[in-house]
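Below is one structure, written out as structure tokens, with a few remarks after it.
We did not get these values from a lab; they are worked out from the coordinates using the rules stated. Worth saying up front: this structure is predicted, and the values here are computed from it rather than measured. Positions of Cβ are generated from backbone atoms using ideal geometry, with glycine treated the same way; all protein chains shown enter the neighbour counts.
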Amino acid sequence: MTELIKNDVKTCAILLKEYLNKNEPVTNVVKLHFTRVGERDVYNITAPFEDNGELVIAGRVEFRDSEHSNIMFFVERDGAWVPRKGMPELTLQDPFYTRVNGEIILGGVQVYPHPVHEGALAWRTVMYKGKYLQDLTLFFTGPNGMKDLRIAELHDGSVVILTRLQGEKGGRGKIGFARVASLTELTIERIEEAPLLEDQFIESEWGGANEVHVLSNGLIGILGHIACFDDDVNRHYYAMVFAMDPVTGEHSDIELIAIRDQFLPGEAKREDLIDVIFSGGLIRCKDGTAVLYAGISDAEAQRITIPDPFLKFETHGVN
């Protein structure tokens, strides 16, 4: 197993400085165009994935002045992404995709009335599965109050779980890790008991996993986000990655892979969300690059091409 070297916790400011000093090349910046959704925005998309022989993107679809959204499925037609016929619409936010035991796993954030505080909302991650998208059925409802719950099937058939606790144990949001033999062992108790990864976030900052990549050497590469507030309470979200040994939980430092300024100018849902990237998915290419698909400023979706951030973990480890 490749050795992972972990240093002390790094703040958003330190990570941003390190990233800018590397001056990583960013190319092929494209704003994705979605049609046939009325006046609604499409953002926080997945990377394209295959369903029944066709590439599909799942996206969060909602009006600019609302947080009530649906997940819709889109296919590309003549340079635009259009709703795919015959697909379900899920009343969820922030879709994610993976495959376990040959089946599609499609999840998102379910928003519902807060059970204690009148007029407030609460949230949890739910997951559907099926051989094809039209066959999706709900199979798991995560802990109340937890976004960014992710799973992935490892080479031996076991399942790795990335959690995101908030509150007394997780503060504003920290990533936890567990591993189970199969989906039948995926339980709320197992998720809530998962230990947190150490030295990733200071108490005033937060983050989460967005997508898990199983690497050729058995490590997992995690695509995610790290975020903070500035003095004016504006949010700043950055695309990040790290690698982890799914047996021991040993992990590398967080590294930024993209910032908002590298994408095309565009609209924002609110003024405090201008500097926001939500890492939706990453397609690794054979030429050493990767295409990052992301939600931008809670109003748009774009993609960029960057150096493959996981390649070094497969070839040289972390030095």
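The amide H of W81, built 1.01 Å from its N in the peptide plane, has H33, F34, T35 as neighbours under 5 Å, considering only residues 5 or more places off or on other chains.
Applying 1/(1 + (r/R0)^6) with R0 = 45 Å to the Cβ-Cβ distance of T27 and T141 gives a FRET efficiency near 0.65.
Between F139 and M127, Y128, K129, the built amide H atoms are under 5 Å apart, and every one of these is 5 or more places off in sequence or on another chain.
If you take the square roots of the eigenvalues of the alpha-carbon gyration tensor of region 12-315 and sort them as a ≥ b ≥ c, do you get rounded (a/c under 1.5), prolate (a/b over b/c) or oblate? Walk me through the numbers on the way to the answer.
Working: a/c = 1.11, a/b = 1.04, b/c = 1.07.
Judged from the Cα gyration tensor, region 12-315 comes out rounded (a/c under 1.5).
The HN-Hα couplings worked out from phi for region 93-98 by the Karplus form 6.51 cos²θ - 1.76 cosθ + 1.60 (θ = phi - 60°) are 10, 6, x, 9, 9, 7 Hz, whole numbers, x standing for Gly and Pro. Which residue fluctuates the most in the chain, going by a Gaussian network model with Cα springs under 10 Å, if the choices are V241, V214, V109? Highest fluctuation among the options: V214.
With the Cα gyration tensor of region 100-224 giving a ≥ b ≥ c as the square roots of its eigenvalues, does the rule (a/c under 1.5 for rounded; else a/b larger than b/c for prolate; else oblate) give rounded, prolate or oblate? Oblate. Projecting the Cα positions of T305, I191, I57 onto the charge dipole of the chain (unit charges on Cβ atoms of Lys, Arg, Asp and Glu, taken about the Cα centre) puts I57 furthest along the positive direction.
Sites listed here are GluC sites (Glu not before Pro) in region 62-128 whose DSSP assignment is loop and whose Cβ has at most 13 other Cβ atoms within 10 Å: E67, E89, E118.
Within region 70-109, none of the chymotrypsin sites (Phe, Trp or Tyr not before Pro) combine a DSSP coil assignment with at most 16 other C-beta atoms in a 10 angstrom radius. Basic side chains Lys and Arg get +1 at the Cβ, acidic Asp and Glu get -1 at the Cβ, and with that the dipole of region 110-211 about its Cα centre reaches some 280 debye. Inter-label distance, S182 to S216: 3.1 nm, where each label sits 7 Å from its Cα along the C-beta direction.
Residue separation of N52 and R64 scaled by 0.36 nm, minus their Cα-Cα distance, works out to 1.1 nm of gained length. Gain on full extension, evaluated as 0.36 nm per residue between E267 and R36 minus their Cα-Cα distance, stands at 81.3 nm.
Just check region 198-319 against the gyration tensor rule for me: Cα atoms, a ≥ b ≥ c as the square roots of the eigenvalues, rounded for a/c under 1.5, and otherwise prolate or oblate depending on whether a/b exceeds b/c.
Details: a/c = 2.64, a/b = 1.44, b/c = 1.84.
Note, shape of region 198-319 comes out oblate.
Straight-line reach from K286: taking Cα to Cα under 26 Å and skipping same-chain neighbours fewer than 8 places apart, the lysines in range are K22, K31, K312. Across region 231-246, coupling constants 3J(HN,Hα) worked out from phi with the 6.51/-1.76/1.60 Karplus curve, θ = phi - 60°, read 5, 9, 6, 7, 8, 10, 10, 10, 6, 9, 9, 7, 10, 8, 7, x Hz, and Gly and Pro carry x. Applying a DSSP loop filter and a limit of 13 other Cβ atoms within 10 Å to the trypsin sites (Lys or Arg not before Pro) in region 232-319 leaves K286. For region 73-82, putting each phi into the Karplus relation 6.51 cos²θ - 1.76 cosθ + 1.60 with θ = phi - 60° gives couplings of 10, 10, 10, 8, 9, 6, x, 10, 9, 10 Hz, in residue order, rounded to whole numbers and with x for Gly and Pro.
Subtracting the Cα-Cα distance of E250 and I202 from their residue separation scaled by 0.36 nm leaves 15.4 nm.
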